[in-house]
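Colleague: Let me give you the structure first, and then I'll get to my questions.
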Amino acid sequence: DLQWADKTSLQLITEVVINLGNFKRICRRCLFVGMYRSNEVDDDHPFAIQQSLLQMSQDVNTTEIGLSSLSRPDIDEILMVELKLPRRIVADLSDSVHKKTSGHALYVVELLNSLLNDALLTYSPQKCQYDWDMDRIDFIRTSDNVAEFIALNLSSLTPESHYVLQILSCFGIQTDINLLKVLEKFQEGMVSSVKEFLDRGILDQAGPILMFTHDLILQTVNEGMPLNRRRLLHLRIGEYIGTVANADVSTGNLVKSDIDISEQIFYAGNLEASSLITLACDQIDFAGVDYVIDDRKKIIFSKLNLSAGQKMANESNYSAALYYLVKGISFLIENPWQRERQLCTSLYTGAIMAAFAMGRSDIVTKYADVLIEHEQFEDTLEIQIIVLRSLRISGAISECVSRGFGVLRQVNIDIPTSPTDEMGRNAMAETDRIALKHNMDGIANLCKRASDYSVHNIFKIIDAFYDIFSVTGSPIFPLLTCELVKYSFQNRVYQESAAAFAMYGMLKIAIESDYEAAKMWADASRAVIKYYQGTEKAKVTETRAAVYLLSSIDIWFVPLRDLAPKLMSCSEEAMAIGSIDHAISCMAQAWICSLYGGEQLSIISASSLQHLQLIARHSNFCVKWTMCDYILLAELTGKPEDYFSVLEDSISSLDDIEAEAISSHNYIILVHIHQINLVRSFWKGDYVSAEEHSHKATMVPNYKFATMASILDVFFGCLVHFQLYRELGGDDRLKEAIKKLEKMERWSRASPHVFAGKFLLLKAEYLASINENHAAEESYIQSISSSRDHGNVHELALAYELLGKYYSAHGSETYCKHCFKQAHVLYIQWGATMVAKRLEQYGLDLNSSLDTDLHIGSGPKHVRQRD
């Protein structure tokens, strides 16, 4: 590599060699060998100058030996000698080695050694000879130094072959032999040149795919063209392919012909599998708008990119779709909204939808702002919905709310940004007055099948950021719900009204405790669903309404165990129509209903981790909301799972989720964590800790919207208060317990088959706390009877345990043992092995057989006599 030596070093070598030549005795015993690459040395190169001096010197004998590349027969001979195999067997290997090294001797040796080292060329004991895998060898990447060598020899190609290679380089590292056939009329010799390129090691072929053997070769070919010439070549190729793709050159739209290859797949271009229309756009876009002067052509190229973008969107390749649509926007002419409004609308709308599918709210907002600026307000509502949904999903909550309220103000719906609870109550009173003017039993008469899409879109706009206030428990939530209901009556009842009516029914329970009114609104919601069944997009609105009905109203009137399969069915329907948010929400709530409804815990636990992983993939909110329930399941069953593995590394405990919920004002999650911690502590028998968590839940703003949390707080919180009152006293504790007991009594009257057993158990605890022993025991027994009748094994076990504690406190050991044994058996039956194990603290032989002759009903007399 003397061609790389510096000038001074070369001069030193020349002086030393010439001086040695002056000493005849020494020079006969001195041989100097130098090597260089002739293709890197021209006449002005420093080495060429020093070489000339040596050749002209009379004291130095110089000999030049030109080392040519090894020929294919030379490599045959090498392999035949080294592997001891005949020519016919080594022929394929020899051909591949020659192509990959261009016959360069050093590279041949280097490649053969690498084949041995990588076990691609090995001795086979079965065949008693060397063997190799030609498929794997053919796909070995050409090494950098070989590629450099090949690239330096490209100048030996004919001008025609070199131009064909430049065309191929315009498509990147690989192209398709079928595409070359398409390009044959663009440049003659596209197909026939391939053999030469393969023989020279410039290209490799695998089926229809042709690849440059090294990116250095591609770079040399492509960058060997001046930039202007390269861009113009891209443009010419793109225009030609666009014509072949049956694109109407006058419009840029695709047209049909007798021979249509526009949908044929080619393994070339930016995509793994391209069509002619995307290949045409690739070439035009590589050239760029600066190389297109004619406005007519700019419009054509813009339309071509629109066609390519729409094609990619239809194939769910949203990244490619966005690329082509943005390129199409770049080709728009001056004042495009005046001259090409429809084209502009299509390009910007497509870009917004593709960006939304990719989760790029910044791009959605960027192009939506332009579109909204140039379109009528009514025509932008659907885009406004996409922007709001995109912002909400990306976590830009404040911007989402601000934009949403701004849109609503333009349709005269003005929501105060800092409302009070009193404003919410007043809004509900006004909504009730408006509703009274209509016959709620004949709600179907108010429905309207004619589609006023602007009204539909107002519903969807509110829906796009509605859940933000539901999750945070904001007082804005009731105001928005009231506005939706009022808007329904003012503009006729649309299919979207079903969800609004369902949520208003939930507010009637959460704020006014009016269960009859809630059922009336639920009936109205179902009547709307029934009326619009079978209409366009009815399934989407029906599913959303069903989510609210099941989780917010039916939960008060349907046993949790019966509600779980309904929620699961709703989840499956939502998944089938692509409503992923609702599907996952229903799935999570179905799982929770199964857990607290008394479902066999071993069944729930069997697939709990997979279930949580599915939720985590689709909903960051739902997975954090339900995490504490999964932790409770593990504690009840004594089967720990690494549930936190489904979350990001920054969250490894419930404390982390709680801290995040506090910082983001996510009160739904916060209340749920406190309430489930209350339940966890209760089942562990740690009533002091349970009471602390119950108190924390009541301190969370607007926690009354958390339906499941409210039920858990009243039931378990009340039990905790009564247990601690009997142990530690405290009038305030008793007052708080009585308040919750009264609430449970109202629930029991409204829905006895759901809450009767719970109420009777709380009532028994209250009577035991005020020493009404006869009534207390009767109430315990009634609770046991109710739980047994309704098949609530978990509540039945709890009732037996609490009755056992009651008998223990009154010295009735026989009845105490019987109740604890019953509780132990039922806890095991439920699957709560750790709760069953806790009963062992009472020092009883819980594994002995039950006394089947013992009649619990005789207990009151025993207690009265003792008192």
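The values are calculated or read from the model by the stated rules, or taken from the named source; none is laboratory data. The structure displayed is predicted, hence computed values, not measured ones. All Cβ positions, even for glycine, are placed from backbone atoms using ideal geometry, and neighbour counts span all protein chains on display. Heavy atoms of the whole protein, side chains included, go into the accessibility calculation; ligands, DNA and RNA do not. Shrake-Rupley method; radii C 1.70, N 1.55, O 1.52, S 1.80 Å.
Colleague: In square angstrom, rounded to the nearest 10, how much accessible surface does Thr243 have for a 1.4 Å probe?
Modeller: 80 Å²
Colleague: May I pose another question? Please list log₁₀ I(q)/I(0) at q = 0.10, 0.11, 0.12, 0.19 Å⁻¹ for segment 277-435, using the Debye equation with identical point scatterers on the alpha-carbon positions.
Modeller: -0.47, -0.54, -0.61, -1.14
Colleague: In addition: Only Lys, Arg, Asp and Glu count, each charged at its Cβ (+1, +1, -1, -1), so figure out the dipole size of segment 587-732 about its Cα centre, rounded to 20 debye.
Modeller: It comes to approximately 400 debye.
Colleague: Once phi is turned into θ = phi - 60°, what whole-Hz ³J(HN,Hα) does the Karplus curve with 6.51, -1.76 and 1.60 give for every residue of segment 827-834, x standing for Gly and Pro?
Modeller: Per residue, the Karplus-derived 3J(HN,Hα) values read 4, 5, 4, 5, x, 8, 5, 6 Hz.
Colleague: Show me the GluC sites (Glu not before Pro) within segment 34-82 that DSSP assigns to loop and that have at most 15 other Cβ atoms within 10 Å of their Cβ.
Modeller: Glu64
Colleague: Helix-only mean residue ellipticity at 222 nm, the chain, DSSP H runs n ≥ 4 weighted -39,500 (n - 2.57), per residue, nearest 500. What is it?
Modeller: Helix contribution divided over all residues of the chain: -21000 deg cm²/dmol.
Colleague: Let me ask something else about it. Under the classification rounded if a/c is under 1.5, otherwise prolate if a/b is larger than b/c and oblate if not, where does segment 66-117 fall, given a ≥ b ≥ c as square roots of the Cα gyration tensor eigenvalues?
Modeller: Oblate, because a/c is 1.5 or more while a/b does not exceed b/c.
Colleague: Ordering Arg341, Arg37 from largest to smallest accessible area (1.4 angstrom probe), what's the sequence?
Modeller: Per-residue accessible area, sorted high to low, gives Arg341, Arg37.
Colleague: Of Ser808, Gln205, Cys482, whose Cα points farthest to the positive end of the dipole of the chain (charges on the beta-carbon: +1 Lys, Arg; -1 Asp, Glu; origin at the Cα centre)?
Modeller: Farthest towards the positive pole: Ser808.
Colleague: A further question on this structure: With angles folded into 0 to 90 degrees, how steeply does helix 793-809 sit against the dominant principal axis of the chain? Use alpha carbons for both and round to 10.
Modeller: In the chain, helix 793-809 runs at an angle near 50 degrees to the longest axis.
Colleague: Would the chain count as rounded, prolate or oblate if I go by the C-alpha gyration tensor, calling it rounded below 1.5 in a/c and otherwise prolate when a/b exceeds b/c, oblate otherwise?
Modeller: Cα axes put the chain in the prolate bin.
Colleague: Expressed as a whole percentage, what fraction of the accessible surface of the chain belongs to carbon and sulfur atoms when a 1.4 Å probe is rolled over the protein heavy atoms?
Modeller: Using a 1.4 Å probe with all protein chains present, the chain comes out at 51 percent carbon and sulfur.
Colleague: Could you sort Lys508, Lys837, Lys763, Lys303 by accessible area so the largest value comes first, with the probe set to 1.4 Å?
Modeller: Lys837, Lys763, Lys303, Lys508
Colleague: Right, another one. Within straight cross-link reach of Lys805, meaning Cα distance under 17 Å, which aspartates and glutamates are found once same-chain residues fewer than 8 apart are removed?
Modeller: Within the straight-line cut-off, Lys805 pairs with Asp686, Glu727, Glu765, Glu772, Glu777, Glu778, Glu795, Glu813, Glu840, Asp845, Asp867.
Colleague: Give me the accessible area of Ile529, 1.4 Å probe, in Å² rounded to the nearest 10.
Modeller: So the heavy atoms of Ile529 present about 30 Å² to solvent.
Colleague: Still on this structure: Write down the accessible area per residue of the chain in Å², having rolled a 1.4 Å probe over the full set of protein chains.
Modeller: Per residue, the chain has an accessible area of 47 Å².
Colleague: Taking Cα pairs under 8 Å and at least six residues apart, what relative contact order does the chain come out at, in percent?
Modeller: Relative contact order of the chain: 5 percent.
Colleague: Got a sec to turn the phi values of segment 407-419 into Karplus ³J(HN,Hα) couplings, 6.51 cos²θ - 1.76 cosθ + 1.60 with θ = phi - 60°, whole Hz, x for Gly and Pro?
Modeller: So the J values, rounded to whole Hz, are 5, 4, 4, 6, 10, 6, 10, 10, 9, x, 7, 10, x.
Colleague: I'd like the accessible area for Tyr291: 1.4 Å probe, protein heavy atoms, all chains in place, Å² to the nearest 10.
Modeller: Accessible surface of Tyr291 is approximately 60 Å².
Colleague: Follow-up question, since we're still on this one. Evaluate the Debye formula for segment 1-74 with equal point scatterers sitting on the alpha carbons, no solvent, and hand back log10 of I(q)/I(0) at q = 0.16 Å⁻¹, in q order, two decimals.
Modeller: Values, matching the q order: -0.64.
Colleague: Reachable lysines from Lys740, Cα under 17 Å, same-chain residues fewer than 8 places away excluded?
Modeller: Leaving aside lysines fewer than 8 places away in the same chain, those within reach of Lys740 are Lys696, Lys704, Lys758, Lys763.
Colleague: Give me the lysines in straight-line cross-link reach of Lys100: C-alpha distance below 22 Å, same-chain residues under 8 apart excluded.
Modeller: Hits, sequence-local ones excluded: Lys195.
Colleague: In what order, largest first, do Cys27, Cys281 sit by accessible area if the probe radius is 1.4 Å?
Modeller: Largest to smallest exposure gives the sequence Cys27, Cys281.
Colleague: Then there's this: Could you compute the FRET efficiency for Asp74 and Asp43, with r as their C-beta to C-beta distance and R0 at 35 Å, rounded to 0.05?
Modeller: Using R0 = 35 Å, I get an efficiency of 0.70.
Colleague: Rounded, prolate or oblate: which fits segment 267-363 when a ≥ b ≥ c are the square roots of the eigenvalues of the alpha-carbon gyration tensor, with rounded for a/c under 1.5 and prolate only if a/b beats b/c?
Modeller: oblate
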